[in-house]
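Below is one structure, written out as structure tokens, with a few remarks after it.
The values are calculated or read from the model by the stated rules, or taken from the named source; none is laboratory data. Everything quoted here is computed from the prediction, not taken from an experiment. Because the Cβ atoms are built from the backbone with ideal geometry, glycine has one as well, and the counts that use them run over all protein chains shown. In case anyone asks, the SASA skips ligands and DNA or RNA and just uses the protein heavy atoms, side chains included. Shrake-Rupley method; radii C 1.70, N 1.55, O 1.52, S 1.80 Å.
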Amino acid sequence: MTYVGSVRAALAEVGDPDRAAQQQAYMKSELPFVGLGAPALKALLRPLLVEHRFVDRGSWEAALLELWDDATHREEWYAALALLRHRAYRGWLDPDLLPLLEHLVRSGAWWDVVDEIASHPVGQVLLDHRPDVTPLMDAWSVDADSLWIRRTAMLAQLRHRERTDSDLLRRVLVANLDDSAFGREFFVRKALGWALREHARTDAAWVRTFVRTH
């Protein structure tokens, strides 16, 4: 059985309908939940990720998209993210993966999946390939269609600490201060504050200056 098939079979055998209903309501999700907490889902996926190792990038990406695009429950999205972030495939996090990551962000379009994609795979690709990826983050920060793409650009450096490109951070944040389409959206404003708070751990003076200036 494939990784995708194993995930779906395992999910079909577990879950809590009452918890699933609560999770779906809390997350305002069109996709239903099976009804697993994060620790239980992680424990369920751990042996499947070990058992099913992908030796070529194409089949790995295909499995990600199958779990994502054909999901019947939101936990399948989380299983796709677990596969995406598994250490065995760290070498495949490069600029060629960005169209797939963009697809996940645009179609996921909610904080539980977007924030993980932004701060981990997108952030890692940006960190490792700044010259190639920085222009894309600038473009994403002013995307005309998706506040989630804008949020991704703002959160991509959350884990960069002292390696943060502060010029890029300033540009993507300023681009979303007063934009008539998205500047007052809750999830855009929240991302702006989160990015500043996190960067303050490394460079509080820069953040104070930014706040005074803007």
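Shown here for region 145-180: trypsin sites (Lys or Arg not before Pro) in loop regions (DSSP other than H, G, I, E, B) with at most 12 other Cβ atoms within 10 Å, of which there are none.
Counting every C-alpha pair in region 1-70, the share spaced more than 13 angstrom apart comes to 70%. Available extension along the chain between Ala12 and Asp128 is 37.9 nm, counting 0.36 nm per residue and deducting the alpha carbon span. May I ask for the angle, rounded to the nearest 10°, between helix 130-140 and the longest principal axis of the chain, with both axes built from Cα atoms and the value confined to 0 to 90°? With rounding to tens, the tilt is 90 degrees. Helix 74-85 and the longest principal axis of the Cα set of the chain meet at an angle near 70°. Given the chain, what whole percent of its Cα pairs are spread farther than 22 Å? Summing the P(r) of the chain above 22 Å gives 53 percent of all pairs.
Just flag the GluC sites (Glu not before Pro) in region 160-214 sitting in loop per DSSP whose Cβ has no more than 16 other Cβ atoms within 10 Å. Of the GluC sites (Glu not before Pro), the ones in loops of region 160-214 whose Cβ has at most 16 other Cβ atoms within 10 Å are Glu185. At R0 = 35 Å, how high is the FRET efficiency between Ala43 and Glu162 if r is their beta carbon distance? Nearest 0.05 is fine. For Ala43 and Glu162, the calculated efficiency is 0.55.
Each of Ser146 and Leu100 was given a label point 7 Å from its Cα along the Cα-to-Cβ line. The distance between the two points is 1.5 nm. In the full protein context, the chain carries 50 Å² of accessible surface per residue, based on a 1.4 Å probe and ignoring ligands, DNA and RNA.
Would you mind checking the tilt of helix 186-200 against the longest principal axis of the Cα atoms of the chain, expressed as 0 to 90 degrees and rounded to 10? With rounding to tens, the tilt is 70 degrees. Net charge of the neighbourhood of Met1, taken over other residues with C-beta under 10 Å away and scored Lys/Arg +1, Asp/Glu -1, is 0.
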